[in-house]
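Below you'll find the structure, written out as structure tokens, and then a few comments.
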Amino acid sequence: MEEIEILPNVKVKAYFLEDGANLVGNYIDLDDYVGGSWHEKEDKVLHITPLLVCLKKSYHNDVLNYEPNLETKGAWAVGTIDHNLFQDKVCETDGFYVKEFPLNVELEFKNDEFKLKIPVDDTVVYLVGKIDLLHNREHRIEDLKTFQHFFLPKDVSKVDIKYFIQPICYTFVANHTYYVNDPITEVYVVCISKKNLYTKVLSIEYTEEVGYACYKWLIERAKKMYGCLKSATIPEGEVSMWCKFCNWLDLPCAEGREHLKDILEPITLESTQFKKKYPDKKPYYRRDGKWNETKLFKEFKQESKN
Ligand code: SF4
């Protein structure tokens, strides 16, 4: 219990319930915003989104039944709420929009023709996904992506590659099924900040060639993933900057840990003390893949010794 002066000479005693634990569950059921039938596991059905990230991570999520903690569920819920806000508003005001357009057509597979029904050995797997927004008159798809504000891409080169591939694959699929005669021509990625809804719209120039290349890449990943799941073989890790947020680092994922050792600034007792004294200065800088001590940090270490 702390005593806080809220006005001159007016004090109140206050404390956080349960030591400040996350009590979101007292107010809303986060499970209403995450999961649902779309995320339930179905035999022989692969969702497109997990194929776009590290397959080792997706494999573990699938096999080990990853149970997200409250903070992760909260972050997902915020994303879902933002999606609904955007989707509902545009669908209300423009009748040509379709929300959550499903891609689960079943077609026979022949040679290299486009299909969503993928034969793997003696069985067939289905690849499914949903287009966040499809504009039927403009022939445009809009893929909504919510970001922590910090990660909202500053320029096009900073946009994660998977955010190009996903809507391009959706477009390719749509153009070879429902939209054969009147293809989708515009591809947008709507990047939304979870902090203040700052919204940037990325327009991607779509060509059939690019669509086919992305689609083939996706199918290969689907086959690989299904093969791994079926034979209980863990796929190799695909390291990236997202490893530091991966739930499975502690498995441990050797590749992810090696990668982080390489990209994360070293943390030592001295560097922690340095940060306390100089919160705006850096103890290390990186050059040619190696971490080096800054001049100020070297001086700080010398002073500490004396
Ligand atoms: S730590 Fe990185 S490489 Fe390992 S499973 Fe996670 S994302 Fe993949």
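Any read-out appearing in this document is the output of simple, stated calculations on the displayed coordinates, not a laboratory observation. As the structure is a computational prediction, the values presented were derived from the model and not from experiment. Please note: Cβ atoms are built from the backbone with ideal geometry, for glycine as well, and neighbour counts cover all protein chains shown.
So here's what we get for this one:
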quantity	calculated
Estimated [θ] at 222 nm from DSSP helical runs (n ≥ 4, -39500 (n - 2.57)) normalised by residues in the chain, nearest 500	-11000 deg cm²/dmol
In nm, spacing of pseudo-spin labels at TYR285 and ASN84 (7 Å Cα→C-beta vector)	4.9 nm
The chain: angle of helix 208-231 to the longest principal axis, Cα-based, in degrees nearest 10	70 degrees
Paramagnetic reach from LYS276 in region 284-306 [backbone N under 19 Å; point 7 Å along Cα→Cβ]	284, 297-306
The chain - charge dipole about Cα centre, Lys and Arg +1 at Cβ, Asp and Glu -1, debye rounded to 20	1440 debye
Cβ-based net charge around LEU197, under 15 Å, with every Lys or Arg adding one and every Asp or Glu removing one	+3
The chain: angle of helix 254-263 to the longest principal axis, Cα-based, in degrees nearest 10	60 degrees
Relative contact order %, the chain, counting alpha carbon pairs below 8 Å whose residues are six or more apart	15 percent
Nearest 10 degrees, 0 to 90: helix 70-93 Cα axis against the chain principal axis	50 degrees
Listed residues PRO283, PRO153, PRO167, most fluctuating in the chain (Gaussian network, C-alpha, under 10 Å)	PRO283
Rounded FRET efficiency, nearest 0.05, which uses the C-beta distance separating TYR178 from LYS230 and R0 of 25 Å	0.25
Relative exposure of TYR188, TYR66, judged by other C-beta atoms within 10 Å (fewest first)	TYR66, TYR188
Projected-area average for the chain over all orientations - Cα convex hull basis, square nanometres	23.9 nm²
Considering only the chain, percent of DSSP beta bridges that pair antiparallel, nearest 5	70 percent
Within a Gaussian network of the chain (alpha carbon springs, distance under 10 Å), most fluctuating of THR80, THR146, THR272	THR272
Residue with peak Gaussian network fluctuation, the chain [Cα springs, cutoff 10 Å], from TRP248, TRP291, TRP217	TRP291
Radius 10 Å from Cβ of GLU255, net charge of other residues (Lys, Arg +1; Asp, Glu -1)	-1
